[in-house]
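The values are calculated or read from the model by the stated rules, or taken from the named source; none is laboratory data. Given the structure is predicted, the values throughout are model-derived calculations rather than measurements. Every residue, glycine among them, receives a Cβ derived from its backbone with ideal geometry; neighbour counts consider all protein chains shown. The protein model used for the area step is the full one, side chains on, heavy atoms only, and it has no ligands, DNA or RNA in it. Shrake-Rupley method; radii C 1.70, N 1.55, O 1.52, S 1.80 Å.
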Amino acid sequence: MTPVEFAVAAEHYLAGAPLADGSRRVYRIALHTWAWLLVGRTPPSGAHRRGAAPPVLPLALLDGPDAPDRVAAAFAERAAAVGARTANRELSALRAALRWWCARGWLSADPAAGLRPLPAAAPTAAGPAGGPGEDRVRAVLALRVPLREKVLWHLVRESGAPIERLLALDVDRLDLANRQARTAAGERPLRWRGGTARLLPLLVAGRTAGPLFLTGRRAPAGVPERDRCPLTGRGRLSYRRAAELFTAATAPLDPAGRGWTLHALAEPRR
């Protein structure tokens, strides 16, 4: 049965599309934004955007003869408000949903078929292996993600240390006042800058021992004590999980849609 309402159709798409959890959240926000635009209203922004219920939009409005003009006008308005990069990303999310709906016969044609992404200023100095350049690094660090990810990403960017070494950090090795970790004899110094220094005390939050970066659940039996928080019992975050979360979160920013690796975030050594 064809859904009557745009938001319901969007949820069907999000449930059926092969998207990572982080990408699904970003796509939902983008599709909700389109619901506001397509009824001629200004989408909420900032803290008001997350969780805002989209307006009622009959899906049939995207299947009439004036649907292409409606979508084109909304796209132009959005680009003027937020710039080509953001508008292009949101257009990509809408087009993916439209193709999915057309494949199921919910729409007879794609009303965005004639639209093309707008040209945007090229990013500065591309990162390694197609990774993010400086402009996109700033966009990555501005993403709304949990504090744990925010601290880790800043630390990767600012310290130049191997990611495995950062994930192995323990709370009792941190010297917050001097923006560095206490190292053993012969170890390379590990220091950070303002972004990490601002966020790191929030992540530590009174803890005095155990892994700095923790999983979201208690560690299973058999995990060594050094990899377990003595207060919460949660385990040390693994490299694999940290990499998965970063790639999923950055997929909407990647023109190829694949997301980047944590190694691409590291600042090149000079």
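Things to note:
- Carbon/sulfur fraction of accessible area - the chain, other protein chains in place, 1.4 Å, %: 56
- Distance from the range 153-225 to the range 95-111 (C-alpha centre basis), Å: 47
- The residues of the chain expose, per residue, 53 Å² of accessible area to a 1.4 Å probe.
- For GluC sites (Glu not before Pro), the sites in the range 176-270 that DSSP calls loop and that have at most 11 other Cβ atoms within 10 Å are GLU187.
- For the pair ALA184 and ALA52, the difference between a 0.36 nm per residue extended length and the Cα-Cα distance amounts to 42.5 nm.
- In the elastic network of the chain, a GNM with C-alpha springs shorter than 10 Å, the most mobile of ALA181, ALA87, ALA256 is ALA256.
- Label-point gap, in nm, between VAL39 and ASP69 - each point 7 angstrom along Cα→Cβ: 2.2
- Per-selection Rg to Rh, the chain - Cα, Kirkwood hydrodynamic radius: 1.05
- Computing Rg and the Kirkwood Rh from the Cα coordinates of the range 1-111 gives a ratio, Rg/Rh, of 0.93.
- Annotation: amide H of LEU174 within the under-5 Å range of ARG182, sequence separation 5 or more or interchain, hydrogens built in the peptide plane.
- Distance between the 7 Å Cα→Cβ label points at ALA221 and ARG144: 4.2 nm.
- The share of Cα pairs per 10 Å bin across the range 51-108, counted from zero up to the longest distance, runs 21, 48, 30, 1 percent.
- Listed residues ALA266, SER159, LEU118: farthest to the positive end of the dipole of the chain (Cβ charges): SER159
- When the Gaussian network model of the chain links Cα atoms closer than 10 Å, the mean-square fluctuations of PRO220, PRO43, PRO117 top out at PRO220.
- Cβ-derived FRET efficiency at R0 22 Å, VAL4 paired with VAL82, nearest 0.05: 0.15
- In this label model, GLU244 and GLU164 are separated by 2.0 nm, measuring between points 7 Å along each Cα→Cβ vector.
- Charge dipole of the chain about the Cα centre (unit charges at C-beta), most positive-ward option of VAL82, THR232, LEU174: LEU174
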